[in-house]
1. Length gain on complete extension for the stretch Asp535 to Phe775, per 0.36 nm per residue less the alpha carbon to alpha carbon distance?
2. Using the Karplus curve 6.51 cos²θ - 1.76 cosθ + 1.60 with θ = phi - 60°, what ³J(HN,Hα) values do you get for each residue of segment 68-83, in whole Hz, with x for Gly and Pro?
3. Amide H neighbours of Phe272 under 5 Å, counting only residues 5+ apart in sequence or on other chains, H built in-plane at 1.01 Å?
4. What span do the alpha-carbon atoms of segment 326-372 cover on each of the three principal axes, reported in whole Å from largest to smallest?
5. Counting helices only, and only those DSSP H runs with n ≥ 4, report the 222 nm mean residue ellipticity of the chain as the sum of -39,500 (n - 2.57) divided by its residues, in deg cm²/dmol to the nearest 500.
6. Keeping the other protein chains in place, figure out the carbon and sulfur percent of the accessible area of the chain, with a 1.4 Å probe.
7. Using the Karplus curve 6.51 cos²θ - 1.76 cosθ + 1.60 with θ = phi - 60°, work out ³J(HN,Hα) for each residue of segment 253-264 in order, rounded to whole Hz, and write x for Gly and Pro.
8. If you wrap a convex hull around the alpha carbons of segment 472-624, what volume per residue comes out, as a whole number of Å³?
Amino acid sequence: MTFLRTNIEITLPKLLVALLIILPVAACNPTKYVADGDVLLSKNNLVIEKSNANLPAAVSMGAMKPYIKQLPNKRIFGSRFHLGIYNLSDIDKERGFNGWLRKIGEEPVIFDSIAATRSKDQLESYLGSKGYFKAVVDEKVVIAKKEAEVFYNIVPGKPYTIKDIRYEIEDSMLYSLVIIDTMNCAIERGMIYDVDLLQQERLRLERFIRDVGYYSFSTEDIFYRVDSSLANRQVNIYYVVSRKTTIDDQGKIGYSSHRMYRVRDVYVFPEFDPKGALTGGEQYTRSFDTVYYKGAYFITPPGRQLIKPEVIKQSIYILPGSLFSVTNTDQTQSHLADLKNHRLINVAYTDEGDSNRNDSGEGILDCVIQLTPMVRQSFTVELEGTNSGGNLGGALNLIYQNKSLFQGAENFTIKLKGAYETLTERVTGFRNSQQYGFESTLRLPKFLIPFPFKEGFIRKHDPKTVLQAGYNFQKMPVYTRTVANMTIGYSWKGNRFNSHMLNPLGIDVVNLPYISPSFKERIDTSSYLAYSYRDVMILGGNYSFVFNNQMIQKSKDYWFVRLGFDAAGNLLALTYNLANAPKDDDTYRLFNQPFAQYVKGEADISYHRKLNEASTVVYRAFTGIGWPYGNSRAMPFEEQYFGGGANDIRAWMVRTLGPGSYEVTDTSFINQTADIKLEANVEYRFKLFWILEGALFVDAGNIWTFREDTDRPGAQFKLNKFIDDIAVGTGMGLRFDIKFVLLRADFGLKLRDPQISKGTKWIPLSRPYNMRDDFTMVFGIGYPF
């Protein structure tokens, strides 16, 4: 295994160096396959007149770039790498290696003057839609060495602003409703005219009107007339809400007032079969049973009931006798999907027509909800790669899942797991760890608490109860550990961007039945490590908040934020203190086992910025602080922080960095942990070819102890010196995207080592590089963050 590791460490750096050489060489003749008479599109430039440099965000460079119709070849670090790969091929040979090069590369983008003119027109049209009615865009093409650089010179001028908004409500039924809603109008006097804002206002008003019963109302019934003939670059907006357009049997167009609609009945098909309905026609449901439950008719096949009606009913917000509401419809669709028991969900309405009106003249709707169930039970065998702190391995999982354990959409999963991982160490090379155990989870579609929650909260936040239990046996090279755990938790949505998870009660029982004598002798020299590797009970709770707008902005920049807070042992310690209970070895014990007492907070924030189709920059910062006190002299081992590894400071092997400036003297088994962690990362990711992606990164950070550790001098966090303890590493990496998993190899180089005690800690200015200690190869699964 050591030979294999050495081979990998030698081969991958050479591959990375080769790529760096190919980048400029491959692009040295970009016009190799540009025919005579054609020119290569080199670059597009947006040049805004200096007097208009401070434009609003709606007409910024980034907002206008999508309106350029022809884009040049992709660049990585200024090099047209993909074009270079294409040019490395022999154009006269279609198959084999040359065909593969052209497939993974990118053919030259030939400048198209028609596309440039279209881009000019699109830019002018866009600026006009943003209120710059008299904007002028002029394209200029500069050609040199068969390459064309296009300059779009933009003179926006001054924008038109809205002088007045005048409502024209043609439908008397809607007049008072629209007038009351004007306070929520997104258009205001004095604002710059903006077509997109007008369209957003149309959608907002449409939803508002449909939410109060106007089922057939649509944005087609809202339009604007704009009078731009005023002086001083001003416009008047005529906000028109029209009557309903009708066409009779003879094709004659007429107009009528919009009608409110009320729901008459709700029909639910919990086990709807689209294929059976399509082939069976009207006969499909004739033999079905019908049950009326709290305002809804449940129509099911005879003798079958996968989910109880009351469970489905609590996710339905459409009530008989209520006015039609698009919000209630959307909430019903969303909450039924959150039950995770149906692969197809269709919420539809049937209009009973003009002949069926109630006494108030309102239209009548019947709501039909068709639910196509998933397979209720499943058993799967799963092979997976594991990556615990940079230690690669594999696992075999046997998984049983029941999506409605008690016919209440309770999602139950039990996983039997066996795992094997390699532990990479500087001196010993590879050793292994083994894990065996089970994990079980039961998710209930409600809060399991002794007091009721308001219905409004349930509708808005979709609460769930999560019960978890598990047992894990870990056989490490120098110790054996068992962990039994049980947790009661609650999760709910804040809005479409964030979610919450609260575990008010969790218990972990950690036992170490075996520690090798040599390792015990080693850790006994440090009070911190001695208290880390011992039997302990963790009884407490935690809360986490997650913000992620990636799904909302799929092709744009996005943020990921995770905040967490843990606390353990405080109520137990308070109880023992009040009872004046005796201590054993200065520690309170529960069931003859010491319990941990600590508080811990974490913040993990990352920002993903998409530069172009080929490259992305990710910025990330992490802060974690654990404070052991009272019944604990150190944080439990499971709650401690470590530095180095595939998802950390990658120039250091896992658990070899820190704490602080402490210098490890015994390298036979390095496993440094501590209570505090600070980390910052910047990674530039770029697509190369085929399944291969590349990355350049800079990592910085370290770990520290909360209290002074006399056996590890320099390990304690101090405000006046922690900056001097920051480790800095850089490097490059390769990612292999094989669809179902992304494999990663990162080659790290130390730049600043806090263990250097004399002179500067920046290695290039302090001493020569050492291949053994200053260069690191780490492997991972998935992106590091």
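1. Working: separation 240, 0.36 × 240 = 86.40 nm, distance 3.68 nm.
Full extension from Asp535 to Phe775 adds 82.7 nm.
2. Running phi through 6.51 cos²θ - 1.76 cosθ + 1.60 with θ = phi - 60° gives 7, 7, 10, 9, x, 4, 4, 10, 10, 6, x, 9, 7, 4, 5, 5 Hz.
3. Result for Phe272 returns Leu371, Thr372.
4. 40, 19, 11
5. Values: 16 runs with 150 residues, N = 785.
That comes out to -5500 deg cm²/dmol.
6. Numbers: 22620 of 40080 Å².
C and S atoms contribute 56 percent here.
7. 7, x, 9, 8, 6, 5, 10, 7, 10, 10, 6, 8
8. 171
The values are calculated or read from the model by the stated rules, or taken from the named source; none is laboratory data. A quick note: this is a predicted structure, and the numbers were derived from the prediction, not measured. Here the Cβ is made from the backbone with ideal geometry for all residues, glycine too, and neighbour counts use every protein chain on show. Remember, those area values only see protein heavy atoms, side chains included, never the ligands or the DNA or RNA. Shrake-Rupley method; radii C 1.70, N 1.55, O 1.52, S 1.80 Å.
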